[in-house]
1. Can you list residues whose amide H is under 5 Å from G128's amide H, if they're 5+ apart or on another chain and H is modeled 1.01 Å from N?
2. Please name which of Y179, T122, Y195 has its Cα lying farthest along the dipole of segment 122-240 towards the positive end, using unit charges on Cβ (Lys, Arg +1; Asp, Glu -1) and the Cα centre as origin.
3. If you count, for each residue, the other Cβ atoms within 10 Å and average over each peptide, how do 193-204, 82-93 line up from highest to lowest?
4. Enter the angle in degrees (range 0 to 90, nearest 10) between the Cα long axis of helix 42-52 and the first principal axis of the Cα atoms of the chain, meaning the one along which they spread out most.
5. From Cα pairs below 8 angstrom and at least 6 apart in sequence, can you work out the relative contact order of segment 188-240, rounded to a whole percent?
6. Any idea what angle helix 2-15 forms with the longest principal axis of the chain, computed on alpha-carbon atoms, 0 to 90 degrees, nearest 10?
7. Before I look further, what does segment 106-217 give for accessible area per residue, probe 1.4 Å, in whole square angstrom?
8. Work out the length of the dipole vector of the chain about its Cα centre, built from +1 on the beta-carbon of each Lys and Arg and -1 on the beta-carbon of each Asp and Glu, and round it to the nearest 20 debye.
Amino acid sequence: MRTLGSALLGLTLAACGPAMEGEEGMQDQEQTLEAGCTQLGSNITSHACTHQNISTDHVAVTATSGLTSATPSISTTHKFYDVTMPAGLAGTVKFRPSAAGSWAFYVSQNVSVTVKDSAGTTINSVLGHSVSSGCSLVKAAVYDLTSTTTDYQVTFGAASGNLLGVVPERLEDNRVRFYQDADNDGYGNNSVSVYTACVPPAGYILQRNDCNDANASIKPSATEIVGNSVDENCNGSLTN
């Protein structure tokens, strides 16, 4: 019955057309990093930086050499972890996702990041790159994590000064909607959009409400020309 109910729900959503943002939240548990994503967007990176700038968001933990009974957790979200590393060595912490999805580990040094599941099997990173963050964070490594009931083992390579800043961020919690601007007039088409934590495709912008995305002279900031039967400023009126 559960399988049949899930199938019927899927058919209902499909019949209603593209998912709205609230409906997309219902599907987060099933998501992995979207196809075509090559770099995280500025929104999620800026959000990670905010935690460095808030003193109450800092949490100090001491990593261990390998997984031990003393290995600390970095599972609390919206925190900047000041991780003391073993002198000159890699350091291990535990991470249990609050929700399944794609998780980015932002780090303050260009060190390696290795994630293993509860069985000790290494999980491949689905995305990794340097970041220009405006704070101390310089690199992000993204992993698709599915278990919310067991701890993942996260090991960071040796860090200069034996201190490493770490911020875990869930991509699905940091998505932004971008709209296609086909006529390049600075206003996007409400009907064509992407909802992503990644850098959007070329030609997609945050501003929307263009009522004719094939004509750059028609947009919300345009001056209305009365008497030509064209709504130049997209306000729904031909007279103002």
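1. The list, which skips near neighbours in sequence, is V142.
2. The residue sitting most towards the positive pole is T122.
3. Values: 193-204: 16.9, 82-93: 18.7.
Those peptides, ordered most packed to least, come out 82-93, 193-204.
4. Between the helix axis and the principal axis of the chain, the angle is about 40 degrees.
5. Numbers: 68 pairs, mean separation 13.8, N = 53.
Result for segment 188-240 is 26 percent.
6. Approximately 40 degrees, to the nearest ten.
7. Numbers: 5020 Å² over 112 residues.
For segment 106-217, the solvent-accessible area averages 45 Å² per residue.
8. Working: 11 positive and 22 negative charges, 209 e Å.
My answer is approximately 1000 debye.
The values are calculated or read from the model by the stated rules, or taken from the named source; none is laboratory data. What you see is a predicted model, and the numbers here were worked out from it, not measured in a lab. As a convention, Cβ positions derive from the backbone with ideal geometry for all residues, glycine included, and neighbour counts pool all protein chains shown. Calculation scope for accessible area: heavy atoms of the full protein, side chains included, ligands and nucleic acids excluded. Shrake-Rupley method; radii C 1.70, N 1.55, O 1.52, S 1.80 Å.
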